[in-house]
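Since the structure comes first, as C-alpha coordinates, the remarks are kept for the end.
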Amino acid sequence: CANNRTYTTYTTGSVSPDACEGPLLKYTVDGKDKELTDVETLTMKESSTLKLTASSGNWVVRNPEHPYSESIVLKQGDSTSIKAKSATLQPMMANVFCYKDTEGHGAQFAGYQNKDVKGRTCDSVCRNTEGLDIGPHCLVKNETSPCGIPKCVWDVECSAGDGTGYRGLVNSATLEGGKTVSCQAWNKDYPHVHTFHPNAYNTATYGIGKNNYCRNPDPRNTQTPWCYTTDHWGRYGMCSTVKVCDKTFAYFKH
(Lines give C-alpha, C1' and ligand atoms only; values in the text may rest on other atoms or scores of the structure.)
Protein backbone atom coordinates (compact mmCIF):
# COMPACT_ATOMS: atom_id res chain seq x y z
CA CYS A 1 0.00 0.00 0.00
CA ALA A 2 1.02 3.62 -0.50
CA ASN A 3 1.35 4.15 3.23
CA ASN A 4 1.04 1.24 5.65
CA ARG A 5 0.07 3.62 8.46
CA THR A 6 -2.94 5.15 6.73
CA TYR A 7 -3.74 2.61 4.00
CA THR A 8 -5.12 -0.93 4.20
CA THR A 9 -7.20 -3.41 2.25
CA TYR A 10 -10.77 -4.17 3.26
CA THR A 11 -11.18 -7.23 1.07
CA THR A 12 -10.34 -10.56 2.72
CA GLY A 13 -7.22 -12.16 1.25
CA SER A 14 -6.47 -9.33 -1.17
CA VAL A 15 -2.79 -8.86 -2.08
CA SER A 16 -3.25 -6.36 -4.89
CA PRO A 17 -2.02 -2.77 -4.33
CA ASP A 18 -5.10 -1.66 -6.25
CA ALA A 19 -7.23 -2.89 -3.34
CA CYS A 20 -5.53 -0.52 -0.89
CA GLU A 21 -7.65 2.35 0.37
CA GLY A 22 -6.64 5.40 2.36
CA PRO A 23 -6.49 9.20 2.38
CA LEU A 24 -4.95 11.20 -0.46
CA LEU A 25 -4.53 14.97 -0.64
CA LYS A 26 -3.14 16.61 -3.75
CA TYR A 27 -1.69 20.08 -3.39
CA THR A 28 0.22 22.67 -5.35
CA VAL A 29 2.55 25.28 -3.86
CA ASP A 30 5.14 27.42 -5.63
CA GLY A 31 4.31 25.70 -8.90
CA LYS A 32 5.09 22.20 -7.59
CA ASP A 33 2.47 19.42 -7.48
CA LYS A 34 2.68 17.09 -4.51
CA GLU A 35 0.65 14.39 -2.71
CA LEU A 36 0.06 13.53 0.93
CA THR A 37 -1.17 10.33 2.59
CA ASP A 38 -0.60 11.34 6.22
CA VAL A 39 -0.41 14.44 8.41
CA GLU A 40 2.20 17.07 7.57
CA THR A 41 2.85 20.70 8.46
CA LEU A 42 3.95 22.91 5.56
CA THR A 43 5.94 26.12 5.87
CA MET A 44 5.60 28.43 2.87
CA LYS A 45 6.66 31.77 1.55
CA GLU A 46 4.43 34.57 2.74
CA SER A 47 3.22 35.26 -0.80
CA SER A 48 2.56 31.61 -1.67
CA THR A 49 -0.89 30.26 -2.54
CA LEU A 50 -1.61 26.70 -1.45
CA LYS A 51 -4.05 24.84 -3.70
CA LEU A 52 -5.62 21.73 -2.17
CA THR A 53 -7.79 18.88 -3.47
CA ALA A 54 -9.08 16.06 -1.26
CA SER A 55 -8.84 13.18 -3.73
CA SER A 56 -9.59 10.45 -1.18
CA GLY A 57 -11.25 10.87 2.18
CA ASN A 58 -11.83 14.01 4.21
CA TRP A 59 -8.99 16.30 5.27
CA VAL A 60 -8.72 19.08 7.83
CA VAL A 61 -6.50 22.10 7.23
CA ARG A 62 -5.36 23.77 10.46
CA ASN A 63 -3.54 26.92 11.42
CA PRO A 64 -0.63 25.49 13.47
CA GLU A 65 -0.77 28.47 15.83
CA HIS A 66 -4.47 27.92 16.61
CA PRO A 67 -5.12 24.35 15.41
CA TYR A 68 -8.56 23.79 16.97
CA SER A 69 -10.11 27.22 16.59
CA GLU A 70 -8.88 27.97 13.07
CA SER A 71 -9.45 25.09 10.69
CA ILE A 72 -11.40 24.09 7.58
CA VAL A 73 -12.60 20.68 6.45
CA LEU A 74 -12.25 19.44 2.88
CA LYS A 75 -14.59 16.57 2.06
CA GLN A 76 -13.67 14.05 -0.60
CA GLY A 77 -13.73 15.77 -3.99
CA ASP A 78 -13.54 19.31 -2.56
CA SER A 79 -10.85 21.84 -3.54
CA THR A 80 -9.75 25.14 -2.06
CA SER A 81 -6.92 27.68 -2.13
CA ILE A 82 -5.46 29.48 0.87
CA LYS A 83 -2.69 31.95 1.60
CA ALA A 84 -0.79 31.26 4.79
CA LYS A 85 2.74 31.09 6.14
CA SER A 86 2.11 27.56 7.40
CA ALA A 87 -0.61 24.93 7.44
CA THR A 88 -1.12 21.53 9.01
CA LEU A 89 -2.78 19.08 6.62
CA GLN A 90 -4.35 16.11 8.39
CA PRO A 91 -6.44 13.20 7.12
CA MET A 92 -9.66 12.49 9.02
CA MET A 93 -9.23 8.77 9.69
CA ALA A 94 -11.93 8.13 12.31
CA ASN A 95 -15.37 7.30 10.89
CA VAL A 96 -13.99 7.61 7.35
CA PHE A 97 -11.31 4.90 7.05
CA CYS A 98 -12.03 3.14 10.36
CA TYR A 99 -14.94 2.96 12.77
CA LYS A 100 -15.21 3.42 16.52
CA ASP A 101 -16.49 0.10 17.86
CA THR A 102 -17.30 1.73 21.21
CA GLU A 103 -19.67 4.13 19.43
CA GLY A 104 -22.52 1.79 18.61
CA HIS A 105 -20.20 -0.47 16.59
CA GLY A 106 -19.63 2.35 14.13
CA ALA A 107 -23.02 4.06 14.26
CA GLN A 108 -21.39 7.36 13.24
CA PHE A 109 -19.29 5.87 10.42
CA ALA A 110 -19.54 8.02 7.27
CA GLY A 111 -16.83 6.72 4.93
CA TYR A 112 -16.98 6.40 1.16
CA GLN A 113 -16.33 2.67 0.79
CA ASN A 114 -18.70 0.90 -1.60
CA LYS A 115 -17.49 -2.71 -1.56
CA ASP A 116 -18.04 -5.48 0.95
CA VAL A 117 -15.41 -7.65 2.59
CA LYS A 118 -15.58 -10.07 -0.38
CA GLY A 119 -14.82 -7.30 -2.86
CA ARG A 120 -18.36 -7.17 -4.24
CA THR A 121 -19.88 -3.83 -5.22
CA CYS A 122 -22.46 -2.70 -2.67
CA ASP A 123 -26.02 -1.79 -3.54
CA SER A 124 -25.93 0.70 -0.64
CA VAL A 125 -23.21 2.67 1.13
CA CYS A 126 -21.30 1.12 4.02
CA ARG A 127 -23.03 2.24 7.20
CA ASN A 128 -24.17 0.91 10.57
CA THR A 129 -26.99 3.18 11.69
CA GLU A 130 -28.64 0.13 13.32
CA GLY A 131 -25.61 -0.48 15.56
CA LEU A 132 -25.15 -4.12 14.48
CA ASP A 133 -22.24 -6.07 15.97
CA ILE A 134 -20.71 -6.62 12.50
CA GLY A 135 -19.88 -2.93 12.18
CA PRO A 136 -20.29 -0.95 8.93
CA HIS A 137 -22.03 -3.07 6.31
CA CYS A 138 -23.95 -2.79 3.07
CA LEU A 139 -26.46 -4.65 0.93
CA VAL A 140 -25.22 -6.91 -1.85
CA LYS A 141 -28.10 -8.51 -3.76
CA ASN A 142 -30.36 -7.91 -0.73
CA GLU A 143 -27.83 -9.64 1.53
CA THR A 144 -26.34 -7.77 4.50
CA SER A 145 -22.57 -8.05 4.27
CA PRO A 146 -19.78 -6.44 6.36
CA CYS A 147 -17.54 -4.00 4.54
CA GLY A 148 -14.28 -5.09 6.19
CA ILE A 149 -13.67 -1.64 7.70
CA PRO A 150 -11.01 -1.77 10.46
CA LYS A 151 -11.61 -0.55 14.01
CA CYS A 152 -10.18 2.80 15.07
CA VAL A 153 -7.40 2.92 17.64
CA TRP A 154 -7.07 6.71 17.70
CA ASP A 155 -9.80 8.34 19.77
CA VAL A 156 -10.66 4.96 21.31
CA GLU A 157 -7.48 3.69 22.98
CA CYS A 158 -6.09 7.23 23.15
CA SER A 159 -7.35 10.80 22.74
CA ALA A 160 -6.39 12.93 19.74
CA GLY A 161 -6.56 16.67 19.17
CA ASP A 162 -8.88 18.55 21.52
CA GLY A 163 -10.48 15.38 22.88
CA THR A 164 -13.91 15.96 21.32
CA GLY A 165 -13.61 12.74 19.29
CA TYR A 166 -12.58 10.50 22.18
CA ARG A 167 -14.86 7.47 22.53
CA GLY A 168 -12.84 5.35 24.94
CA LEU A 169 -14.13 3.65 28.07
CA VAL A 170 -12.19 5.43 30.81
CA ASN A 171 -14.70 6.56 33.47
CA SER A 172 -12.67 8.04 36.31
CA ALA A 173 -11.16 11.47 36.83
CA THR A 174 -8.50 13.09 38.98
CA LEU A 175 -9.37 15.93 41.35
CA GLU A 176 -7.03 18.63 42.59
CA GLY A 177 -4.76 16.98 45.10
CA GLY A 178 -4.58 13.76 43.11
CA LYS A 179 -7.70 11.96 44.35
CA THR A 180 -9.22 9.60 41.76
CA VAL A 181 -13.02 9.45 41.64
CA SER A 182 -15.67 7.84 39.44
CA CYS A 183 -17.40 9.90 36.77
CA GLN A 184 -21.04 10.94 37.02
CA ALA A 185 -23.30 9.70 34.21
CA TRP A 186 -23.98 12.38 31.59
CA ASN A 187 -27.72 11.72 31.71
CA LYS A 188 -27.82 12.35 35.47
CA ASP A 189 -27.91 15.60 37.44
CA TYR A 190 -26.72 14.16 40.72
CA PRO A 191 -24.62 15.05 42.54
CA HIS A 192 -23.91 17.88 40.04
CA VAL A 193 -26.53 19.64 37.88
CA HIS A 194 -25.22 20.41 34.38
CA THR A 195 -26.28 21.16 30.80
CA PHE A 196 -24.31 18.57 28.79
CA HIS A 197 -27.07 15.96 28.60
CA PRO A 198 -27.51 13.37 25.84
CA ASN A 199 -29.28 14.70 22.75
CA ALA A 200 -28.84 14.12 19.03
CA TYR A 201 -26.13 16.76 18.65
CA ASN A 202 -24.17 15.96 21.82
CA THR A 203 -24.24 12.24 21.06
CA ALA A 204 -23.05 12.60 17.45
CA THR A 205 -20.50 15.34 18.12
CA TYR A 206 -19.14 14.49 21.56
CA GLY A 207 -20.24 10.93 22.31
CA ILE A 208 -22.45 12.01 25.22
CA GLY A 209 -24.86 9.21 26.15
CA LYS A 210 -26.39 7.30 29.01
CA ASN A 211 -22.93 6.48 30.32
CA ASN A 212 -20.25 7.96 32.55
CA TYR A 213 -17.30 7.82 30.14
CA CYS A 214 -14.79 10.64 29.87
CA ARG A 215 -15.70 13.03 27.05
CA ASN A 216 -15.08 16.65 26.04
CA PRO A 217 -18.29 18.48 25.15
CA ASP A 218 -16.69 21.84 26.06
CA PRO A 219 -13.72 22.36 23.70
CA ARG A 220 -13.83 26.14 24.12
CA ASN A 221 -12.61 25.76 27.69
CA THR A 222 -10.60 22.54 27.71
CA GLN A 223 -8.82 20.33 25.21
CA THR A 224 -8.80 16.99 26.97
CA PRO A 225 -11.45 14.45 28.05
CA TRP A 226 -13.07 15.15 31.42
CA CYS A 227 -16.25 14.38 33.35
CA TYR A 228 -18.45 15.50 36.21
CA THR A 229 -17.65 13.41 39.25
CA THR A 230 -19.56 11.45 41.88
CA ASP A 231 -17.71 13.38 44.58
CA HIS A 232 -19.96 16.04 46.14
CA TRP A 233 -16.95 18.35 46.70
CA GLY A 234 -15.38 17.93 43.27
CA ARG A 235 -17.70 19.08 40.48
CA TYR A 236 -15.51 17.88 37.60
CA GLY A 237 -12.09 16.40 36.96
CA MET A 238 -9.70 15.75 34.11
CA CYS A 239 -9.33 12.16 32.91
CA SER A 240 -5.59 11.98 33.39
CA THR A 241 -5.34 8.24 32.67
CA VAL A 242 -6.52 8.71 29.06
CA LYS A 243 -3.45 8.38 26.88
CA VAL A 244 -2.63 11.02 24.28
CA CYS A 245 -2.52 9.77 20.69
CA ASP A 246 0.87 10.01 18.99
CA LYS A 247 2.80 8.08 16.35
CA THR A 248 3.30 5.15 18.72
CA PHE A 249 -0.41 4.38 18.25
CA ALA A 250 -1.67 2.90 14.99
CA TYR A 251 -4.66 4.70 13.45
CA PHE A 252 -6.63 1.45 13.20
CA LYS A 253 -6.54 -2.31 13.60
CA HIS A 254 -8.31 -5.21 11.90
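What's the long-distance tail for the range 8-107, i.e. % of Cα pairs beyond 16 Å? Counting every Cα pair in the range 8-107, those more than 16 Å apart make up 61 percent. When each of the peptides 94-100, 163-169 is scored by how many other beta carbons lie within 10 Å of its residues on average, the order from highest to lowest is 94-100, 163-169. Its residue count N sets the reference 2.2 N^0.38 Å, and the alpha-carbon radius of gyration of the chain equals 1.11 times that reference. The portion of the accessible surface of the chain made up by carbon and sulfur, rounded to a whole percent, is 49 (1.4 Å probe; DNA, RNA and ligands excluded).
Its Cα gyration tensor gives the range 92-204 an equivalent ellipsoid; the semi-axes, largest first and in whole Å, are 34, 15, 11.
Can you find, among Thr229, Thr248, His192, the residue sitting farthest towards the positive end of the charge dipole of the range 191-254, where Lys and Arg contribute +1 and Asp and Glu -1 at Cβ? Sorting the options by dipole projection puts first Thr248.
Take every pair of alpha-carbon atoms less than 8 Å apart whose residues are at least six positions apart; their mean separation over the length of the chain yields a relative contact order of 14 percent. Placing unit charges on the Cβ atoms only, positive for Lys and Arg and negative for Asp and Glu, gives the chain a dipole magnitude near 80 debye about its Cα centre.
Dividing the Cα radius of gyration of the range 1-66 by 2.2 N^0.38 Å, with N the residue count, gives 1.35. Solvent-accessible surface of the chain, taken per residue with a 1.4 Å probe and all protein chains present: 53 Å². When the square roots of the Cα gyration tensor eigenvalues are ordered a ≥ b ≥ c, the ratio a/c for the range 55-120 is 1.5 or more and a/b does not exceed b/c, which makes its shape oblate. Simple point charges give the picture: +1 on the Cβ of Lys and Arg, -1 on the Cβ of Asp and Glu, and for the range 3-110 a dipole about the Cα centre of about 280 debye. Extension gain, Glu35-Lys85: 0.36 nm per intervening residue step, less the Cα-Cα distance, totals 16.1 nm. Per-residue surface analysis assigns Thr222 an accessible area of about 30 Å², computed on protein heavy atoms at 1.4 Å probe radius. For the residue pairs Lys51/Lys83; Lys45/Lys83; Lys26/Lys118, the alpha carbons lie more than 18 Å apart in Lys26/Lys118.
The values are calculated or read from the model by the stated rules, or taken from the named source; none is laboratory data. Nothing here was measured: the structure is a model prediction, and the numbers come from that model. Positions of Cβ are generated from backbone atoms using ideal geometry, with glycine treated the same way; all protein chains shown enter the neighbour counts. In case anyone asks, the SASA skips ligands and DNA or RNA and just uses the protein heavy atoms, side chains included. Shrake-Rupley method; radii C 1.70, N 1.55, O 1.52, S 1.80 Å.
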